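S.K.: There's a structure below that I have some questions on.
Taken together, the values in this text are just the output of simple stated rules run on the coordinates, not laboratory data. Because the structure is predicted, anything quoted here is derived from the model rather than measured. All Cβ positions, even for glycine, are placed from backbone atoms using ideal geometry, and neighbour counts span all protein chains on display.
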Amino acid sequence: MQLVTPAIGLVFWMLVTFSILLFILKKFAWGPILGSIKDREDSINQSLSQAEQARNEMAKLQGENEQLLAQARQERDAMLKEAREMKEKIVGDAKSSAEEEAKKVMARASDEINKQKSAAMDELKKEIASFSVQIAEKLLAESLSNNEAQQKLISHHLNELTQKAQA
Amino acid sequence: MKMQSTENQCTSVGVRFGKFVFALFLTLFFNNVGIANDNHSSNTNSEDVEHHDAESHEASTHEHAGSHEAAKGFEPGKMIMEHIADAHDWHLWGEGDHSVSIPLPVILYTSEGLSVFSSSNFHHGHSPYNGFKLNHEGVVTWEDETKTDVIYDLSITKNVLALFIGSIFLIVLVIKMARHYAANTGKAPKGIYNLIEPLILFLRDDIARPTIGKKADNYMSLLLSIFFFIFTLNLFGLIPVFPGGANVTGNISVTMVLALVVFITVTISGNKYYWKHIFMPDVPVWMYVIIIPIEILGVVLKPFVLMLRLFANITAGHIIILGFFSLIFIFGNMNAGLGYAVSPLSVAFTLFMSVLELLVAFLQAFVFTLLSSIYIGMAVEEHHH
């Protein structure tokens, strides 16, 4: 029976010891330990959520970067296209102005040539007239007043010649 | 004469029944073997020796104190009971008068006042001291047997000392842990604390929080203290030599106080739903006659069962281990060679049981804490079904 009968002394000491144990452990052990475990858990959770946030931000930044890159590429393309157009325009302009210039030069040159030609013709006509006169004089000198009708014929031929040349 | 002795034996057996009921299953077989042998050789059985009065008992122990081979030299039931019961000294080795033990202070409070002296004054129960004597059960009584005054025995017994040692060990360990945590804020624990922290987290996350709910953290200190107290003392009880070996958590006084603490906590924590469930359950009023006594019985029974479970499990473990050891000496009494032959088997079984008891040490601490937590959870439960 002794085994299943509580002993007053042991009950007393157990009560005292367990109360003290409970008090000391609560105050100096479990409280601080549970507190620091909780702190650690909180800090781990916080760190995890911060990491998650950072990752999200990173993803966002990356997206932005890509967007910027795409925009830049587009801008570059546009610029290149514009430059090409401008080049073509400039080249075209230069070509047309050069052609125009060339035409003008040509026109001027042909005018000049015509003028020179007509001047040369006039000169030639005069020369030929004087030659003809000289020839006629020579002829006349041989048969002066010999034959008026012949003189007439000669001038008539000369005129014909000059007209032909002028034409 | 024969009738008288049978009658005497009957009443004695009645008185001793409680003491024997735990050891019976194990020791019956051994006793029978041993007794059969004894009967042939000396015509006395071990129970008779048990039931002799203190003086003749002493005489008998005198007789075979030194001679182990004596026919009735070993009584497993008595040995086991002595080991699992509380004592006024801490037995180290040897037996009978040659035993070496640590004397512990005896503190007695009686109508005559307080008296404090060393238990060595009793000389293992042979001599009275200061008007007191130690009876054969190891209980302090009046030397004058006609005196009936109550003796409040507040001695520092073996179990009390073991209780102190275990508690101090636990306090030192856990406070060191708290210091370590304070010094290493936010860092992972190191060493032994790596072992304790999972237990703490297990108690918090898998026992307290699921069973108690939102208020769990208020009860964590209590639950942790109960768990580690039981666990530590269970483990200390498994150490066969001095700082351990005492059957503290297998002592009904200790488990009673633990159960009482839980009972008080549950009663204080009980909210209106808890009390309504007991005194105004949702049943037809005429059934109150049946239900309310049952509910009240349940309230008392819960801590009572807590008390018994821990006590019985730990005590049974100690009895089984001691029973296996007894095998050696039971067979040794029959034949020395047989004793040697049995010893390896006995040691193997004891080793197996000791390892199993390591599991039980944890399991019982866990079960006690889990059930305490569930009872508290029932008391603080908010919604009502």
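S.K.: I'd like the FRET efficiency for B:Ala348 and B:Ile239, computed as 1/(1 + (r/R0)^6) with the beta carbon distance as r and R0 of 35 Å, rounded to 0.05.
M.R.: After rounding, the FRET efficiency stands at 0.95.
S.K.: What do you get when you divide the Cα radius of gyration of region B:216-295 by 2.2 N^0.38 Å, with N the number of residues?
M.R.: Compactness ratio reported: 1.61.
S.K.: Continuing with the same structure: Given 37 °C and 0.692 mPa s, compute D for region B:158-380 with the Stokes-Einstein relation, Rh being the Kirkwood radius over Cα pairs; round to the nearest whole µm²/s. Don't skip to the answer; put the middle values down first.
M.R.: On the way: Rh = 19.9 Å.
For the chosen part, D equals 165 µm²/s.
S.K.: Using alpha carbon coordinates only, what is the Rg to Rh ratio of chain A, with Rh defined as the Kirkwood radius?
M.R.: Using only Cα positions, Rg/Rh for chain A is 2.10.
S.K.: In Å, what is the Rg of the alpha-carbon atoms in region B:230-276, and how long is Dmax?
M.R.: Both quantities, over Cα of region B:230-276: 15.7, 51 Å.
S.K.: By how many nm would the segment from A:Asn56 to A:Leu68 grow when fully extended, if each residue of separation counts as 0.36 nm and the alpha-carbon distance is taken off? Can you show the working numbers first?
M.R.: On the way: separation 12, 0.36 × 12 = 4.32 nm, distance 1.83 nm.
Full extension from A:Asn56 to A:Leu68 adds 2.5 nm.
S.K.: Quick one: in region B:96-153, what % of C-alpha pairs are over 13 Å apart?
M.R.: Details: 984 of 1653 pairs.
Within region B:96-153, distances greater than 13 Å cover 60 percent of Cα pairs.
S.K.: Ok, one more. Taking the Cα centre of each part, how many Å lie between region A:148-167 and region B:205-235?
M.R.: Using only Cα atoms to place each centre, the spacing works out to 150 Å.
S.K.: Tell me, what ³J(HN,Hα) does each residue in region A:60-75 have, in order and in whole Hz, if you take phi through Karplus 6.51 cos²θ - 1.76 cosθ + 1.60 with θ = phi - 60° and put x for Gly and Pro?
M.R.: 4, 4, 4, x, 4, 4, 4, 4, 4, 4, 4, 4, 4, 4, 4, 4
S.K.: For region B:118-228, just run the numbers: alpha carbon Rg, then divide by 2.2 N^0.38 Å, N being how many residues it has.
M.R.: Dividing the Cα radius of gyration by 2.2 N^0.38 Å gives 1.73.
S.K.: If you don't mind, another one. Would you kindly derive the ³J(HN,Hα) couplings of region B:327-336 from the backbone phi angles with the Karplus curve 6.51 cos²θ - 1.76 cosθ + 1.60 (θ = phi - 60°), listing them in order in whole Hz, with x for Gly and Pro?
M.R.: 3, 4, 7, 5, 6, x, 5, 6, 6, 4
S.K.: Ordered by packing density, taken as the mean number of other Cβ atoms within 10 Å over each peptide's residues, highest first, how do B:171-181, B:353-363 rank?
M.R.: Packing order, densest peptide first, comes out as B:171-181, B:353-363.
S.K.: For the residue pair B:Val355 and A:Gln116, what label-to-label distance in nm results when each label sits 7 Å from Cα along the Cα-to-beta-carbon direction?
M.R.: Here the modelled spin labels are 12.9 nm apart.
S.K.: Around B:Ile102, which amide H atoms from residues at least 5 apart in sequence, or from another chain, sit under 5 Å from its own amide H, with H modelled in the peptide plane?
M.R.: B:Trp90, B:His91, B:Leu92
S.K.: Take peptide B:218-226, look around each residue's Cβ out to 10 angstrom, count Cβ atoms belonging to other protein chains, and average those counts.
M.R.: Shielding by partners across B:218-226 averages 4.
S.K.: Express in whole angstrom the spacing between the alpha-carbon centres of region B:312-347 and region B:129-170.
M.R.: 30 Å
S.K.: Divide the volume of the convex hull of the Cα atoms of region B:261-337 by its number of residues and quote the answer in cubic angstrom per residue. Display every interim value, and only then the final one.
M.R.: Numbers: hull volume 8.9 nm³, N = 77.
Residue-normalised Cα hull volume stands at 116 Å³.
S.K.: Continuing with this model, one more query. Return the distance in nm (one decimal) between the two label points of a simple spin-label model at B:Asn194 and A:Lys138, each offset 7 Å from Cα along Cα→Cβ.
M.R.: Placing both labels 7 Å along Cα→Cβ, they lie 14.0 nm apart.
S.K.: Grab the other residues whose beta carbon is less than 15 angstrom from that of B:His277, score K and R as +1, D and E as -1, and report the net.
M.R.: My count for the surroundings of B:His277 gives -1.
S.K.: For A:Lys38, which lysines qualify as cross-link partners when the Cα separation must be under 28 Å and same-chain residues fewer than eight apart are set aside?
M.R.: A:Lys26, A:Lys27, B:Lys176, B:Lys187, B:Lys190, B:Lys214, B:Lys215
S.K.: Of the listed peptides B:369-379, B:247-257, A:81-91, what is their order by residue-averaged count of other C-beta atoms within 10 Å, with the highest listed first?
M.R.: Per-residue Cβ counts within 10 Å, averaged per peptide and sorted highest first, yield B:247-257, B:369-379, A:81-91.
S.K.: Using just the alpha carbons, could you tell me how many Å³ per residue the convex hull of region B:183-240 encloses?
M.R.: Expressed per residue, the convex hull around the Cα atoms of region B:183-240 is 110 Å³.
S.K.: Please report, largest first and rounded to whole Å, the three semi-axes of the ellipsoid equivalent to region B:338-385, where each semi-axis is the square root of five times an eigenvalue of the C-alpha gyration tensor.
M.R.: In descending order the semi-axes read 45, 7, 5 Å.
S.K.: OK, next. Restricting the calculation to Cα positions, tell me the Rg (one decimal) and the Dmax (whole number) of region B:251-303 in Å.
M.R.: 13.3, 43
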